[in-house]
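Structure, as structure tokens:
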Amino acid sequence: MKVIESRYRIVKILGSGGMGTVYLAESLSLGTLWAIKAINKKADSNYDLLAEPNILKKLNHPALPRIVDIEPDEDCLYIIEDYIEGTPLDRQLQARKYFDEATVIEWAKQLCEVLLYLHGQKPNPIIYRDLKPSNIIVSSDNRVKVIDFGIAREYKTDSGSDTSYMGTRGYAAPEQYGTSQTDERTDIYSLGVTMYHLLTGKSPNEPPYEFQPLRSINQKFSEGIEYIVYKCVQNDPANRYQNAGELLHDLDNIHIFNSVYKKQKAIEKVRYVMKTAMVLAFAFLIYAGTGQLAAEQLEKYEKLVAEGYEALRVNQFTAAETAFDQARKVKKENNDAYLGTAQIYFKQGSYEQCLAYLEQTAAKLAYLPQDSRYNYLAGTVYYEQRDYEKALVYLERAVKASPLEEDYIRDLAVCHAKLGDLSRAQELLDEIRAIEKTDDVSEFVKAQVMLAAGRQDEAVAGFNQVIATTGNEVIKKKAYAELSNIYKDNRGNIPGALEKQIDILERASRDLKDKDDLILTEMLAEAYFTAQRYDNSVQEFNKLLNIGYQRPYIYRNIAIIQQQQGDYQAAENTLKNMIEKYPDDYTCYLRLAFLYLEAEGKKPQSARNYQKVVNNYNLAVRFNPGGAATTDLLPLRNAINELYAKGWL
């Protein structure tokens with residue numbers, strides 16, 4: 001490095017890889033800082049050493065580094081370029097685990113602007129081909145900087161495929177492995193994977209090696225971001241955004257994917273019909289008198305409904321459903337049995353199924369949407385999904401229909417606090433204090449207001465005080481859940497947050513009369529899993545199954561734990577049990593294929609047989625509504641292609 005050291009003082013190494021090393025250097029004459037990329041001329045004879053400088057010297061964009069000089073010697077080519085100060089996002093992820101949705105959307109918009117600039121170069125667009133967190137630095141003013149153009153290329157319309165197949169596994173689009181020439185859509189794919197990693201903290205190169213719908217990982221994600229990321233990472237380029245402009249448009253208008261927005265138009269269309277039906281229904285009731293059943297039928301109906309709710313209270317879901325079904329046969333048009341069935345779905349955590357059932361029932365019973373219990377249940381479902389805007393709509397209707405119901409006012413106040421409307425939350429808190437007999441509800445809401453105001457320590461103290469003093473099991477359970485979520489959402493900020501969350505949930509299981517509350521049990525199972533306390537996690541997940549909380553993802557989680565523990569036989573048995581219960585769920589076969597892929601790789605080469613991987617992949621394709629093009633099948637498809645290429649199949 002004599003030619004460099006005569007003009008620059010090497011401060012430190014910024015990074016290194018197969019092609020060479022990047023140094024932070026200080027100019028001896030000016031005292032300014034620069035990045036010097038030393039590329040080993042002998043590292044790869046197929047690599048164009050001048051590719052990066054030839055591209056960068058044409059560009060002038062605030063998010064891209066400038067080339068200021070190129071110096072060769074017998075061993076290396078030295079590229080002197082702008083030093084971009086900051087920590088790459090891959091290292092930030094190691095500390096923070098993930099970033100919030102609003103932040104990632106802002107960065108994605110800026111990256112779209114960079115891609116628009118690159119793809120708009122004349123006469124040939126520049127395809128970056130290596131977008132990933134380690135190549136992105138965010139400055140102190142929250143502006144993204146894109147570094148390392150080592151494998152960027154110019155797109156040529158007369159070329160059928162790329163000369164070299166380069167990229168970072170996991171982030172590279174399928175066409176980067178030689179299926180076709182890379183183009184603008186290649187960078188769209190990598191941006192989608194990058195957004196997925198930043199949002200979830202889940203690298204595409206870590207188990208379970210598959211993309212999952214964002215809202216299945218965390219329901220707080222918006223429907224819009226789930227749709228956008230899903231479209232970006234499609235296997236077939238034709239199914240992705242065709243250019244960065246399309247992607248930027250959707251990021252700028254992400255609200256249009258919200259189901260509330262989409263449903264609003266449909267609601268407006270049917271509102272007139274609904275009103276007419278309600279008028280006719282009430283007219284019929286007036287005409288028919290009280291409309292009550294005969295005394296013996298009414299007594300039978302009420303007895304069945306009471307049996308259903310009692311069975312629901314002790315988690316006997318099958319018995320509850322049977323009682324509510326029989327009640328509906330006695331009296332079809334009454335709300336109680338329908339709402340009971342909806343609460344079964346709610347208590348099992350089947351939130352989407354609960355909402356779908358409520359909507360279907362409302363379409364049959366025109367007066368059901370006026371029932372405060374209907375609106376409160378719908379609002380509570382959205383609340384549990386952390387979709388506070390939708391919850392607010394229904395809870396306001398519930399309070400309007402039953403203005404003195406403490407629970408309704410309580411949750412409405414909490415929703416306003418979650419959405420940042422602290423003044424309205426305080427008004428509702430005052431209303432609660434005027435009607436409540438004890439301080440339980442108001443103290444709980446007060447803690448929620450503190451939390452929304454950023455006074456986290458006071459909120460934690462408030463929730464703990466509620467737990468210590470209340471005799472209301474519902475309030476106590478909610479306080480435990482809020483404390484759990486505080487520690488879960490702040491694992492990167494609160495020392496020992498995960499263990500504190502586990503301690504809170506273990507306290508709840510000892511303290512609450514309902515020892516098997518599904519929501520808290522599920523929280524504890526997931527917390528144990530994150531803490532790698534796998535035996536405890538499996539125990540809690542099995543508890544859910546024994547209660548009757550039969551959900552496909554629980555079997556998958558148990559199988560993943562067993563696989564991570566190296567107990568492939570137990571994992572296989574769990575997944576086969578899942579297939580027996582959910583034979584049409586393609587994820588059963590997908591997970592089983594990944595299990596066989598790993599298990600065979602542990603065997604001696606002479607004993608390996610990957611045919612079961614292929615068989616289960618084919619079943620996953622068969623039962624997947626989206627077929628082979630679905631994003632979460634792509635990593636498995638790529639793995640199978642590698643097995644064929646290496647002669648294992």
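Quick rundown of the values:
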item: Leading residue by the ranking (surrounded by the fewest Cβ atoms within 10 Å (Cβ to Cβ)) among those in the range 486-511 that are more than 20 Å from the chain's Cα centre (by Cα) and charged (D, E, K, R); result: Arg510
item: Subset of the range 341-391 (residues that are surrounded by fewer than 21 Cβ atoms within 10 Å (Cβ to Cβ) and among the small types (Gly, Ala, Ser)); result: Gly349, Ser350, Ala356, Ala362, Ala363, Ala366, Ser372
item: Residue in the range 74-86 that is assigned to a helix (DSSP H, G or I), modelled with pLDDT of 85 or more, among the acidic types (Asp, Glu) and more than 22 Å from Glu175 (Cα to Cα) present; result: no
item: Which listed residue is under 14 Å from Leu575 (Cβ atoms), of a type outside the set (Val, Ile, Thr) and under 29 Å from the mean Cα position of the chain (by Cα), from Ala628, Ala599; result: Ala599
item: Output for the range 523-554, where each listed residue is of a type in the set (D, E, K, R) and either in the same structural domain as Tyr582 (by TED's automatic domain parsing) or under 22 Å from the mean Cα position of the chain (by Cα) (or both); result: Glu526, Arg551
item: Close pairs (6 angstrom Cβ cut-off, 6 or more residues apart or separate chains): in the same structural domain as Asp148 (by TED's automatic domain parsing) and touching a residue at least 12 places away in the same chain (Cβ under 8 Å) in the range 99-117, part of a helix (DSSP H, G or I) and of a type in the set (D, E, K, R) anywhere; result: Leu115/Asp187
item: Every residue from the range 555-569 that is without any contact (Cβ under 8 Å) to a residue 24 or more places away in the chain and either closer than 12 Å to Leu592 by Cα or in the same structural domain as Leu518 (by TED's automatic domain parsing) (or both); result: Gln569
item: The range 619-649: number of residues that are part of a helix (DSSP H, G or I) and surrounded by fewer than 14 Cβ atoms within 10 Å (Cβ to Cβ); result: 5
item: Pick from the range 321-361, criterion in a helix (DSSP H, G or I) and of a type in the set (D, E, K, R), ranking: nearest to Gln219 (Cα to Cα); result: Glu352
item: Extreme residue, surrounded by the most Cβ atoms within 10 Å (Cβ to Cβ), among residues of the range 392-411 that are free of Cβ contacts under 8 Å to residues at least 24 places away in the same chain and under 29 Å from the mean Cα position of the chain (by Cα); result: Leu395
item: Failed item in (1) surrounded by 19 or more Cβ atoms within 10 Å (Cβ to Cβ); (2) outside any helix (DSSP H, G or I), with Asp514 passing the rest; result: (1)
item: Pick from the range 113-152, criterion of a type in the set (Lys, Arg) and in contact with a strand residue (DSSP E or B) (Cβ under 8 Å, 6 or more places away or on another chain), ranking: modelled with the highest pLDDT; result: Lys145
item: Selection status of Ala607, over 25 Å from Tyr227 (Cα atoms) and without any contact (Cβ under 8 Å) to a residue 40 or more places away in the chain; result: yes
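Yes/no matrix, rows are residues, columns are (1) assigned by TED's automatic domain parsing to the domain that holds Tyr171; (2) within 15 Å of Asp100 (Cα to Cα); (3) among the acidic types (Asp, Glu); (4) crowded, with 18+ Cβ neighbours inside 10 Å:
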residue	(1), (2), (3), (4)
Tyr196	yes, yes, no, yes
Leu199	yes, yes, no, yes
Gly224	yes, yes, no, yes
Asn235	yes, no, no, yes
Asn239	yes, no, no, no
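The values are calculated or read from the model by the stated rules, or taken from the named source; none is laboratory data. These numbers come from a predicted model, not from an experiment. Please note: Cβ atoms are built from the backbone with ideal geometry, for glycine as well, and neighbour counts cover all protein chains shown.
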